[in-house]
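J.: Could you have a look at this structure, given as C-alpha cells, before my questions?
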Amino acid sequence: MSWNTIILGAGAAGMMCAIHAGPDTLVLDHAKNPGEKIRIAGGGRCNFTNIYASPENFLSENPHFCKSALSRYTQWDFIELVQKHGIPYHEKTLGQLFCDNSSKDIIQMLLAEMRDAGAELRLKTSIQSVSKTDAGFAVETERDGKRETLHCRNLVIATGGKSIPKMGATGLAYDIAQQFGLNVLETRAGLVPFTFPDGRFKPLSGVAHPVRATANHTSFDEALLFTHRGLSGPSMLQISSYWRESQPIAVNFFPEKDIFEALKARRKSDGRKNIATVLGYELPAKLADHFASELKLTGNLADQSDAQLRALSDALTNWQVTPAGTEGYRTAEVTLGGIDTDALSSKTMEAKTVPGLYAIGEAVDVTGWLGGYNFQWAWSSGFAAGTAI
Ligand code: FDA
C-alpha cells in the first residue's frame, strides 16, 4: 500500500503532525493506545502547554533552532484548539496549563482532529525496517504476526526519546536518523530525580521546601523534595537537565529572605531559645534538625556571635550537594540530545540531505523545561512538519 505520508509514532508530535499533513496520512505505533505519555502526564491532567513558553525555555546545541517552529505554532494556537473543543483547563502555577478533568480530553481532541483531517491510525504495529525507494520510502511493519510493506513519499520520525522504556520508549528515532546519515547527539536523561545511594536523605523523605537550585550557571526557584532515594521536586528536576556527572548542586533554602538579618533580629526577641528550635521556625522541623546536626549547632541563639550566624546563613543559602547520579531513563520525563538540529530545516523539520524525511518532537535535540514546554515543542514541531508536507 502507498501513502503520501507515514508518521512513525502516535505521540503528541506525531498526532499533531497528522492533523496538518493532509488526508493521505498513516500514523503507526507499536503501543495499544495513542498518546500514552499525554495520558499519564501531569498526574493524569496533562500540563499541555505554558503561557510563558519562549525559546529561552529550551535546551539544544543550537538554541536558535526552536524559534521558527515555536513562533509559527504558539501556546496560544494550542490553547485556541483546546477552547474550540470545549476542554476545561486552568493555570496551576508559573503559567502551566492543566486539564480540569483528564488528559484523555487532549487525546480525544487530537484523535477527533486527526479523523477530521482524514488521517489513519494503526496501533500495535511494530516497525521492522525502513528503507529508501525511488519514490520515497518503504516501511516494513508487523501486526498480529502479519508482515506488510508500506510505501510513502514522506516519512516522519516521531517516536520520541528513550524516557520510560516501560511505556514503550525506544531508540528507534535515533537508529533511523543514523541509517539515513543524520548526526545524533549523545542522549541523557532530563527532568529526572537525583540519587544518593548512601541513603543520607532517607530520614527527610517527604520533606519539601521552596529553594533556589543552581548548577552550571543556571538557577530555578521552585520546591525541593527529599525522597528515600535522594532529591526530587520541580527545582531538582529542572536543574537535572543542566547538571553533569560529579558536579555539585548549590541550594539556597532562603532565596527570598535575608536569613542572616532574620536570625539576628530573632536573637533579640528569642535569644533564650535553642538555635535548633529557632531554625525550626524558618524550615520544616525535620530539615531544621538535620541542619542542626550536620552543622553541629549547639546552645541558645543569644550565644551565637555574628560570625557564627553568618556561617550558618552561608551554609543555608549555599548548601552544596553532589548527587551520585540520577534515576535515569527509568523515570526521566525527557531525553536530552538526540537528532542533531544541524541536520534539519528549522522551518519544516525536513532532513537537509534526505528530501521527504522529517523528524519532530522529543527525538530531536530540543528539550524543554518542566512545565508544559515539552508538549509545546511537540505541538510546534509537529505543526511545522505537517504544514510543510
Ligand atoms: P512520545 O514519547 O509522546 O511519542 C512517541 C510515540 O512513539 C509513542 O506513542 C510510542 O509508543 C511510539 N514508539 C516509540 N518507539 C516505537 C517503535 N519502535 N515502534 C513504533 N512506535 C514507537 N511534558 C509536558 O509538556 N507536560 C507534562 O505534564 C509532561 N509530563 C510528563 C510526565 C511523564 C511521566 C513523562 C515521561 C513525560 C512528561 N512530559 C511532559 C514530556 C512529554 O510527555 C514528552 O516530551 C512528549 O510526549 C514528547 O512527544 P513525542 O510525540 O515526541 O514523543
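The values are calculated or read from the model by the stated rules, or taken from the named source; none is laboratory data. Source: prediction; values computed, not measured. FYI the Cβ positions are ideal-geometry reconstructions off the backbone, even for glycines, and counts take in every protein chain you see.
J.: If we scan the stretch 266-273, do we find a residue that is touching a residue at least 60 places away in the same chain (Cβ under 8 Å) and either within 28 Å of the chain's Cα centre (by Cα) or in a loop (DSSP other than H, G, I, E, B) (or both)?
T.: Taking the stretch 266-273 as the starting set, the residues that turn out to be touching a residue at least 60 places away in the same chain (Cβ under 8 Å) are none.
No, the stretch 266-273 contains no residue that is touching a residue at least 60 places away in the same chain (Cβ under 8 Å) and either within 28 Å of the chain's Cα centre (by Cα) or in a loop (DSSP other than H, G, I, E, B) (or both).
J.: Output the number of the condition that Asp134 fails; it satisfies all remaining conditions of (1) more than 10 Å from the ligand (Cβ to nearest atom); (2) assigned to a strand (DSSP E or B); (3) free of Cβ contacts under 8 Å to residues at least 40 places away in the same chain.
T.: (2)
J.: Which members of the stretch 58-68 meet the condition of being touching a Leu at 6+ places or on another chain (Cβ under 9 Å) and either within 20 Å of Gly95 (Cα to Cα) or modelled with pLDDT under 95 (or both)?
T.: Phe58, Leu59
J.: Residues to consider are Pro210, Pro203, Pro255; find the one that is part of a strand (DSSP E or B), away from the ligand (no atom under 16 Å from the Cβ) and farther than 30 Å from Val139 by Cα. Don't jump to the end; show me each part of the working.
T.: On the way: Pro203 fails: part of a strand (DSSP E or B); Pro255 fails: part of a strand (DSSP E or B).
Matching residue, one of Pro210, Pro203, Pro255: Pro210.
J.: Also, I was wondering about something else. May I ask you to list the residues in the stretch 7-38 that are modelled with pLDDT of 95 or more and on the phi > 0 side of the Ramachandran plot? Before the answer, list the steps.
T.: Going through the stretch 7-38, the residues modelled with pLDDT of 95 or more turn out to be 7-21, 24-38.
Within the stretch 7-38, Gly9, Gly35 qualify.
J.: Could you identify the single residue in Gly371, Gly338 that is touching a strand residue (DSSP E or B) at 6+ places or on another chain (Cβ under 6 Å) and not in a strand (DSSP E or B)?
T.: Numbers: Gly338 fails: not in a strand (DSSP E or B).
The conditions single out Gly371.
J.: Which count do you get for residues in the stretch 206-238 that are under 16 Å from the mean Cα position of the chain (by Cα) and closer than 18 Å to Phe254 by Cβ?
T.: 6
J.: Quick test of your reading of the structure: Val192 fulfils all but one of (1) within 16 Å of the ligand (Cβ to nearest atom); (2) in a helix (DSSP H, G or I); (3) surrounded by 18 or more Cβ atoms within 10 Å (Cβ to Cβ). Name the failing condition by number.
T.: Evaluating Val192 over (1) within 16 Å of the ligand (Cβ to nearest atom); (2) in a helix (DSSP H, G or I); (3) surrounded by 18 or more Cβ atoms within 10 Å (Cβ to Cβ) leaves (2) as the failure.
J.: Which of the residues belonging to the stretch 275-331 are touching a strand residue (DSSP E or B) at 6+ places or on another chain (Cβ under 7 Å), of a type in the set (Ser, Thr, Tyr) and more than 19 Å from Gly206 (Cα to Cα)?
T.: Answer for the stretch 275-331, where residues must be touching a strand residue (DSSP E or B) at 6+ places or on another chain (Cβ under 7 Å), of a type in the set (Ser, Thr, Tyr) and more than 19 Å from Gly206 (Cα to Cα): Thr317, Tyr329.
J.: Here is a list: Pro355, Pro323. Which entry is surrounded by 19 or more Cβ atoms within 10 Å (Cβ to Cβ) and assigned to a loop (DSSP other than H, G, I, E, B)?
T.: Result of the check over Pro355, Pro323: Pro323.
J.: Could you check the stretch 1-57 for strands (runs of 3 or more DSSP E) lying wholly inside it with 1 or more residues that are of a type in the set (Lys, Arg) and free of Cβ contacts under 8 Å to residues at least 60 places away in the same chain?
T.: Answer list for the stretch 1-57: none.
J.: Of (1) within 10 Å of the ligand (Cβ to nearest atom); (2) among the aliphatic types (A, V, I, L, M); (3) in contact with a strand residue (DSSP E or B) (Cβ under 8 Å, 6 or more places away or on another chain), Leu150 satisfies all except one. Which?
T.: Here Leu150 clears every test but (1).
J.: Right, another one. In the stretch 60-77, what count of residues is obtained for those that are touching a strand residue (DSSP E or B) at 6+ places or on another chain (Cβ under 8 Å) and more than 18 Å from Ala388 (Cα to Cα)?
T.: Final tally of qualifying residues: 3.
J.: Exactly one of these conditions fails for Arg143: (1) touching a residue at least 24 places away in the same chain (Cβ under 8 Å); (2) within 15 Å of the ligand (Cβ to nearest atom). Give me its number.
T.: Every condition holds for Arg143 apart from (1).
J.: Can I ask one more? Sort through Arg212, Arg200 and tell me the only one that's closer than 20 Å to Gly95 by Cβ and of a type in the set (D, E, K, R).
T.: Values: Arg200 fails: closer than 20 Å to Gly95 by Cβ.
Answer to the selection: Arg212.
J.: May I pose another question? Mind listing whichever residues of the stretch 3-12 are within 13 Å of the ligand (Cβ to nearest atom) and farther than 19 Å from Ser126 by Cβ? First the steps, then the outcome.
T.: Quick first cut of the stretch 3-12, residues within 13 Å of the ligand (Cβ to nearest atom) only: 6-12.
Across the stretch 3-12, the qualifying residue is only Ala12.
Okay, residues lined up against (1) of a type in the set (S, T, N, Q); (2) on the phi > 0 side of the Ramachandran plot:
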position: Asn183; (1), (2): yes, no
position: Ala208; (1), (2): no, no
position: Ser219; (1), (2): yes, no
position: Ala223; (1), (2): no, no
position: Gly230; (1), (2): no, yes
position: Gly233; (1), (2): no, yes
position: Ser240; (1), (2): yes, no
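J.: How about the stretch 345-378: which of its residues are more than 14 Å from the chain's Cα centre (by Cα) and touching a residue at least 60 places away in the same chain (Cβ under 8 Å)? Write out each step before concluding.
T.: The first filter runs over the stretch 345-378 and keeps only residues more than 14 Å from the chain's Cα centre (by Cα), leaving 345-360.
Residues satisfying the conditions are Ser346, Lys347, Met349, Ala351, Thr353, Val354, Gly356, Leu357, Tyr358, Ala359, Ile360.
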